[in-house]
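Each remark here refers to the structure printed beneath this line.
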Amino acid sequence: MARQVFITRMIPEEGIFILQQAGFAIKIHQENRPMTRSELEEAVEDSDAVITMVYDRVDACLLDGAPRLKIVANLAVGTDNIDIPACAARGITVTNTPGVLTEATADLTMALILAAARRIAEGDRFIRRGLFNSWDPLLLLGSGLQGKVLGIIGMGRIGRAVARRAQAFGLKIKYYKRYPLSSESSAECGAEYMPLEEVIREADFLSLHLPYTPEVRHLIDRRRLNMMKPTAYLINTARGGHIDEKSLVEHLRAKKIAGAALDVYEHEPSLAPGLIDLENVTLLPHLGSATRETRAKMAEMAAENVRAVLDGREPLNPAG
Ligand code: GLV
């Protein structure tokens, strides 16, 4: 019987091609929306491998209905949607797509820093509303980057790639990481280690780059939002759950911080009430890795992991 690979949403063809070449039977959820829980349960029932998206919840209950499953290949670097210990307990491998999305995500982070600082989305809305009458010395004044402090929380691959870019914009980089970088690595990305709350207090731009686990839910809560400078901007391309969005909305509304630029939300695709009405926030629909090149590489990587595990080899990118 051909081994069965289920893909929970259409992915770039580069990945499909690898699976076809390997001779697997491939099923793809064809509708352009997340699968419902019952659709997912049915899909994994007779699958040997599943390629999942960031929103697919893979837990013990789902796995109990998947007796043939050998691998869950997540099309993401984050694996917070997957219960890795539950997979391990059943001998199921979990893989992710590290490395290939680092530069794309760092590019998008820089784009959001610039969008917040220079009010890019506000300017775009201003023109579309027909309000652009003339050059104006006081129109939509933003904040320069030169000499400002970029605070980075989480200094893994993506945090370091952001730091490398930020240096070219004249930003001074202070970071917090559970295990600080070696002094050589800190020097290489021009970054100075500081305790978490000092980074929050000193940052003119505070950017989050740590993996999501329940321990860091609402890491940026009301108390820590209060520590931020009133002129500071909060940038998030990691996971929405890192921020208490309700408190963020209150802070943005009361102008207790200057602004925010967000690519991720705690309850995607829902936004916290009131967020969408604010001018001082730039909102993107989870696009960190969304370049053609990167998504093609992610699809290839997920497919290669499936091929390795179903052929009885070690996975290339085991997670956890
Ligand atoms: C996307 O959010 C990822 O984790 O790759």
Looking only at segment 69-85, and only at residues there that are open to solvent by 10 Å² or more (accessible area, probe 1.4 Å) and among the hydrophobic types (A, V, I, L, M, F, W, C), the one that is nearest to the ligand (Cβ to nearest atom) = Val77
Any residue at all in segment 99-113 that is surrounded by fewer than 19 Cβ atoms within 10 Å (Cβ to Cβ), touching a strand residue (DSSP E or B) at 6+ places or on another chain (Cβ under 9 Å), under 23 Å from Leu225 (Cα atoms) and touching a residue at least 40 places away in the same chain (Cβ under 8 Å)?
-> no
Among the residues of segment 236-249, the number that are without any contact (Cβ under 8 Å) to a residue 40 or more places away in the chain, open to solvent by 10 Å² or more (accessible area, probe 1.4 Å) and in contact with a helix residue (DSSP H, G or I) (Cβ under 8 Å, 6 or more places away or on another chain) is 2
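Within segment 281-298, does at least one residue satisfy the condition of being open to solvent by less than 60 Å² (accessible area, probe 1.4 Å), more than 16 Å from the ligand (Cβ to nearest atom) and under 16 Å from the mean Cα position of the chain (by Cα)? Steps first, answer last, please.
Step one: filter segment 281-298 for residues open to solvent by less than 60 Å² (accessible area, probe 1.4 Å), giving 281-284, 286, 288-291, 294, 296, 298.
With the extra rule that they be more than 16 Å from the ligand (Cβ to nearest atom), the set shrinks to 281-282.
Now restrict to residues that are under 16 Å from the mean Cα position of the chain (by Cα): 282.
So far as segment 281-298 goes, yes, one or more of its residues are open to solvent by less than 60 Å² (accessible area, probe 1.4 Å), more than 16 Å from the ligand (Cβ to nearest atom) and under 16 Å from the mean Cα position of the chain (by Cα).
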Check whether at least one residue in segment 207-215 is without any contact (Cβ under 8 Å) to a residue 60 or more places away in the chain, more than 16 Å from the ligand (Cβ to nearest atom) and either part of a strand (DSSP E or B) or in contact with a strand residue (DSSP E or B) (Cβ under 7 Å, 6 or more places away or on another chain) (or both), and report yes or no.
-> no
Across segment 258-290, what is the total count of residues that are touching a Lys or Arg at 6+ places or on another chain (Cβ under 7 Å), within 27 Å of Asp56 (Cβ to Cβ) and not small (Gly, Ala, Ser)?
-> 1
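Going through Ala258, Ala232 one at a time, which residue ends up being of a type in the set (Gly, Ala, Ser), touching a residue at least 40 places away in the same chain (Cβ under 8 Å) and more than 29 Å from Ala76 (Cα to Cα)? Walk me through how you get there before you give the answer.
On the way: Ala232 fails: touching a residue at least 40 places away in the same chain (Cβ under 8 Å).
Ala258 is the lone residue from the list that is of a type in the set (Gly, Ala, Ser), touching a residue at least 40 places away in the same chain (Cβ under 8 Å) and more than 29 Å from Ala76 (Cα to Cα).
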Could you name every one of the strands (runs of 3 or more DSSP E) located completely within segment 233-317 that has at least 3 residues being aliphatic (A, V, I, L, M)?
-> 259-262
Matching residues in segment 95-117 (over 18 Å from the mean Cα position of the chain (by Cα) and within 16 Å of the ligand (Cβ to nearest atom)) number 0
Residue check for Arg223: open to solvent by 10 Å² or more (accessible area, probe 1.4 Å) and over 15 Å from Gly156 (Cα atoms) = yes
How many residues are over 19 Å from Ala260 (Cα atoms) and either modelled with pLDDT under 95 or buried (at least 21 other Cβ atoms within 10 Å of the Cβ) (or both) when one looks only at segment 182-211?
-> 10
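Within the bounds of segment 134-142, is there any residue that is in contact (Cβ under 8 Å) with a residue 24 or more places away in the chain and either assigned to a loop (DSSP other than H, G, I, E, B) or crowded, with 21+ Cβ neighbours inside 10 Å (or both)? Break it down into steps so the answer makes sense when it comes.
Step one: filter segment 134-142 for residues in contact (Cβ under 8 Å) with a residue 24 or more places away in the chain, giving 142.
Now restrict to residues that are either assigned to a loop (DSSP other than H, G, I, E, B) or crowded, with 21+ Cβ neighbours inside 10 Å (or both): 142.
Scanning segment 134-142, I find at least one residue that is in contact (Cβ under 8 Å) with a residue 24 or more places away in the chain and either assigned to a loop (DSSP other than H, G, I, E, B) or crowded, with 21+ Cβ neighbours inside 10 Å (or both), so the answer is yes.
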With respect to the numbered conditions (1) among the hydroxyl-bearing types (Ser, Thr, Tyr); (2) surrounded by fewer than 18 Cβ atoms within 10 Å (Cβ to Cβ); (3) closer than 20 Å to Asp311 by Cβ, which one is the sole condition not fulfilled by Ser38?
-> (3)
Candidate set from segment 46-57 (those that are β-branched (Val, Ile, Thr) and within 14 Å of the ligand (Cβ to nearest atom)); member that is farthest from Glu304 (Cα to Cα) | Val54
Conditions (1) touching an Asp or Glu at 6+ places or on another chain (Cβ under 9 Å); (2) under 19 Å from Val77 (Cβ atoms); number of the one not met by Leu283 = (2)
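The values are calculated or read from the model by the stated rules, or taken from the named source; none is laboratory data. Quantities reported herein were computed from a predicted structural model and do not represent experimental measurements. Methodologically, a virtual Cβ is constructed for each residue, glycine included, from the backbone with ideal geometry; neighbour enumeration extends over all protein chains shown. The area values use the complete protein model at the heavy-atom level, side chains included, leaving out ligands, DNA and RNA. Shrake-Rupley method; radii C 1.70, N 1.55, O 1.52, S 1.80 Å.
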